[in-house]
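Enquirer: Dumping the structure here so I can ask a few things about it.
The values are calculated or read from the model by the stated rules, or taken from the named source; none is laboratory data. Since this is a predicted model, take the numbers as computed values, not measurements. Cβ sites come from the backbone with ideal geometry, for glycine too, and all protein chains shown count toward neighbours. Each accessible area value is taken on the protein alone, full model and side chains, heavy atoms only, with ligands, DNA and RNA left out. Shrake-Rupley method; radii C 1.70, N 1.55, O 1.52, S 1.80 Å.
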Amino acid sequence: AENGEKIDKSEQLSFPEETRPCVIPGCFSARRHDDLKEMLDSNKDSLKLEAMKRIVAMIARGKNASDLFPAVVKNVACKNIEVKKLVYVYLVRYAEEQQDLALLSISTFQRGLKDPNQLIRASALRVLSSIRVTIIVPIMMLAIKEAASDMSPYVRKTAAHAIPKLYSLDPEQKDQLIEVIEKLLADKTTLVAGSVVMAFEEVCPERIDLIHKNYRKLCNLLIDVEEWGQVVIINMLTRYARTQFLNPNINDEDEEKDKKAEAVTMAKRKPYVMDPDHRLLLRNTKPLLQSRNAAVVMAVAQLYFHLAPKAEVGVIAKALVRLLRSHSEVQYVVLQNVATMTIKRRGMFEPYLKSFYIRSTDPTQIKILKLEVLTNLANETNISTILREFQTYIKSMDKDFVAATIQAIGRCATNIGEVRDTCLNGLVQLLSNRDELVVAESVVVIKKLLQMQPEKHSDIIKHMAKLTDNIQVPMARASILWLIGEYCEHVPKIAPDVLRKMAKSFTNEEDIVKLQIINLAAKLYLTNSKQTKLLTQYVLNLAKYDQNYDIRDRARFIRQLIVPTEKSGALSKYAKKLFLALKPAPVLESPFKDRDHFQLGSLSHLLNAKAGGYQELPDWPEAAPDPSVRNVEVKESVRAVGTVTYRDTGALWGLQGPQKMEGSEGLCSALTPTTHCHLPSSESDSASGSESGSEDSRSGSESDESKEASESEEEEEEDLKTKKNKEKPLKKPVQESERYIVLSNSSQQREGEAGFLCTNDPQFRMNSCRSAETVFYKTTQQTSDSPGLFSPQTIAPSSALKSYELLHRITGEGLSVEYCFSRQPFIPDANMVAVQVHFTNNSTSDTKSLHMDDVKLQSGMRVKEFPEIGAWDPEDTATAVMGIDFCDSTQTANFQLCTHTRKFFVSIQPPVGELMRPFFMTENEFKKEQGQLMGMNEITEKLTLDVKCRNEHAIVQKVTTAANLSRVPCGSDKECRFAGRTVTSSSLVLVTVATKDQGAAQLTVNCEKMVIGTMLVKDILLALTQ
């Protein structure tokens, strides 16, 4: 804005003084815009950027800049990304107003959709979808379809955002948009998940069949989706679960019915068993209760309230109480939902009663909501504490808050009979308060309480009758008069006198008081006509000529009813029954009683009225729908980018293709009994069998080569035996680059060489020998490059190592990279996790100077880079070891892999089980340490073991695969114990799996770091139940 003002002043100064009065309106604007047009037409990006900043500033000040559209739109093709961003801001602003001009830029945006930069493609689609012109709907549809297939997840996310915009522009495109949504729902990246679910909710929320196949994927991705997406997905899954699973509390609801109906239902009812997918949703959302985002916590809380069994809903209480420490706006929304929850689930908030005590600094609306919660939580055990709090609140200067407190006392007295008299006496004492509003509110509440037992409290009615001279609040005066008239037989001497006083001031009273004076007169006429007959006639005559027609009508009606005449109908005989009928005591209920039919956390629940776009929470189905609709067939031969694959222990890197297959056979041939390999023969047989089975379609020449490789096994075995005693340790100095890198040529693999050199460091070799699974390999042929080298290779202890894809060969332009966590000590730094990286050159040219660059880490993390790898030929492979200190967290390590021509951005994120190392301890030491890690450091979960995982060996294998832990001796057959320490801080991690009958089990994790423990429980549960 300041820049714009300076421009105005400078332009005014540029004109001669004598010419200024003669300027036609608009000339300054035109001149200024000419200046901006020149800047936009210049060849300097700095001038263009400055011009765009001024134009956006003009728009922000409300000035019209539409005549600059042609000059601005030309700069869409500018290479400067900052200029492009501002151009897009301008175009979105004027696209609707200048539809004809916007259409001129369509071809430019279409070119932008083909730009190699993903940010440009996404921005072009965003602007295109913001042009609200029906004529370009086909172009927008085509752009969205192409973007949905884009390689960049950011562009696919933008496509998901564009879907609701196109749907609102042309609802007839719904069928085509649903196809795009279905495609995007199958996307496996967390960046897209939240956006596409939002598009699903906007376009076709009724098509739950689209969610079936993606349900489990969404549940598992939920923890990694951005916070906005988590809220959207959780709300959608809440409604989905209400249509697909049975009510977990159905047995409790049936108990509320009468005994006869219960007997019938008990005969037909089957015992409730929770669907595994229902349990998956509850299990995967539970960790999000620790989210820093209040909306995410609230979304999980409403999911548990609507879907979880009663016994498990309590976990949300602590998280919601934590939110009460945040801003008042957040407190207001949370307390609205807590107030609703406390009506049906009062028990889960009782331990946190003090968290709802009111502070003097709380705003009035927060105070009233906390009062509501305290009133809902009141019971026989805590009512004395709550009433003491209420006594303090009555002294507040906030009159609305005091009135709400008095109403709360009345509700407590209504709900808890034991304290009714105490509350009533306390309210009577308030009648002598100097504040008229306090007295008035007390009168209204006392009136409701007296209706329950009026015969016991005639003294209170007399006391209240005396207040008519002092209280001026209409509602309070009306309440006293109604009370005296209703129970006039308890105060026969006072009631006529009160009517006399009221008759004097009748004309000056408010309408609500006048109506009660008429009622009092009618009741006294029927019960004590001798004393009140003339008074009643006087009051009815005054009312007959009142200005308010309600009062006039009431007076005529009552006169005909109570004063019998010849014209009176049959109703006059029943006047006493009409006026003095027993009236039921009022039920003081919470205003939040029936709000739970709205989905908690929604705007409709907050307003207690259905808001636009609100989707009703479905009722539970009576019979469970078919769960098989959520089953997904996984094709083993196809692997998506970023998925985890299991590698066989015989061939660590999952050798692929004919050449690598033969290399693995050559490697297996080197594993003779003399090498002390602990690889089971069955595993190696199955590995070779599966490999050969998957390659049945090979040509005859390839099968001949594999035969030659197998026939050479005996020769290689004898060769190893003859050279066993001749080999000596390598004595020449080992360079740093030789310690952590190995190059293996594919042609050497075809000749039977292992080619898996991990390290030549004697210290590493000594440490590696301590492991029972350490194997030393020797090359079967001595070449001139490596004469007689021993190459130690470490195999996974008992199960397959998981290999993760770091760089796909298509993205890497022929360079494919995979990595695994070797679970071995990283010698240069014991606090680092050893990561073994395997490179393959799939291109037709040499690769040179492979190294790491531009390492970006979170605070505290460290990386020990692998040395640069020199030139290597096509089809060559290389293996390197690097160390990463993750600081006991699952944060990603981001860096660039650089060759002599290209750079690739990659990242490594560890599973929580790889952040620890085994720790050996005795049973007594385990129990002692476990006893010290109780309370918040202990997490317990019940589970049902998979059918194939109900023996000790399977449990041990599953747990040690999920986490790098060691087995602890245990005297019981029903328990398996494991121990480890985190790599960075050496924090103790203890795991216990206690098995029971019929596959039931209990998993207990004791960990000094609660976050590590929570994530570890999730991973081990997944391993044991699938």
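Enquirer: Given 10 °C and 1.306 mPa s, compute D for the stretch 803-910 with the Stokes-Einstein relation, Rh being the Kirkwood radius over Cα pairs; round to the nearest whole µm²/s.
Expert: Here the translational diffusion coefficient equals 112 µm²/s.
Enquirer: Would you mind putting 417-423, 837-843 in packing order, based on average other-beta-carbon counts within 10 Å, highest first?
Expert: Descending mean neighbour count gives 837-843, 417-423.
Enquirer: While we're on this one: Identify the trypsin sites (Lys or Arg not before Pro) of the stretch 912-979 meeting these criteria: DSSP loop state and at most 12 other C-beta atoms within 10 Å of the C-beta.
Expert: 974
Enquirer: How large is the Kirkwood hydrodynamic radius of the stretch 270-364, counting all unique pairs of alpha carbons, in Å?
Expert: So the Kirkwood estimate lands at 14.2 Å.
Enquirer: Further, regarding this structure: Checking the a/c ratio against 1.5 first, then a/b against b/c, what shape does the Cα gyration tensor give for the stretch 364-488?
Expert: Since a/c reaches 1.5 but b/c is at least a/b, the shape of the stretch 364-488 is classed as oblate.
Enquirer: Could you pull out the pairs from 157/310; 286/1009; 583/610; 63/85; 165/217 whose alpha carbons sit more than 29 Å apart here?
Expert: Table pairs above 29 Å Cα-Cα are 157/310; 583/610.
Enquirer: Another question, if that's okay. With the full set of protein chains in place, find how many percent of the accessible area of the stretch 914-1025 is carbon and sulfur; take the probe as 1.4 Å.
Expert: 51
Enquirer: Further, regarding this structure: Whole-Hz Karplus ³J(HN,Hα) for the stretch 545-560, in order, using 6.51 cos²θ - 1.76 cosθ + 1.60 and θ = phi - 60°, x for Gly and Pro?
Expert: Each residue of the stretch 545-560 in turn: 10, 6, 6, 7, 5, 4, 5, 4, 5, 4, 5, 4, 4, 5, 4, 5 Hz.
Enquirer: List the trypsin sites (Lys or Arg not before Pro) within the stretch 803-860 that DSSP assigns to loop and that have no more than 13 neighbouring Cβ atoms inside 10 Å.
Expert: Sparse-neighbourhood loop trypsin sites (Lys or Arg not before Pro): 848.
Enquirer: So what is the relative contact order of the stretch 336-447, in percent, for Cα pairs below 8 Å that sit 6 or more residues apart?
Expert: 21
Enquirer: What's the percent breakdown of Cα-Cα distances in the stretch 914-1025 across 10 Å bins, shortest bin first?
Expert: Once binned at 10 Å, the Cα pair distances of the stretch 914-1025 give 15, 53, 30, 2.
Enquirer: With a cap of 14 neighbouring Cβ atoms within 10 Å, and only residues DSSP puts in a loop, list the GluC sites (Glu not before Pro) found in the stretch 144-217.
Expert: In loop regions of the stretch 144-217 (DSSP not H, G, I, E or B), the sparsely surrounded GluC sites (Glu not before Pro) are 206.
Enquirer: Classify the stretch 34-248 as rounded, prolate or oblate, taking a ≥ b ≥ c as the square roots of the eigenvalues of its Cα gyration tensor: rounded when a/c is under 1.5, otherwise prolate if a/b is larger than b/c and oblate if not.
Expert: Judged from the Cα gyration tensor, the stretch 34-248 comes out prolate (a/c at least 1.5, a/b above b/c).
Enquirer: Expected output is a single nm value to one decimal: the length gained when fully extending between residue 226 and residue 851, i.e. 0.36 nm times separation in residues minus the C-alpha distance. What is it?
Expert: 221.8 nm is the gain from fully extending residue 226 to residue 851.
Enquirer: Then there is this: When a/c reaches 1.5 or more, the comparison of a/b and b/c decides; with that in mind, is the stretch 488-591 rounded, prolate or oblate per its Cα gyration tensor?
Expert: rounded
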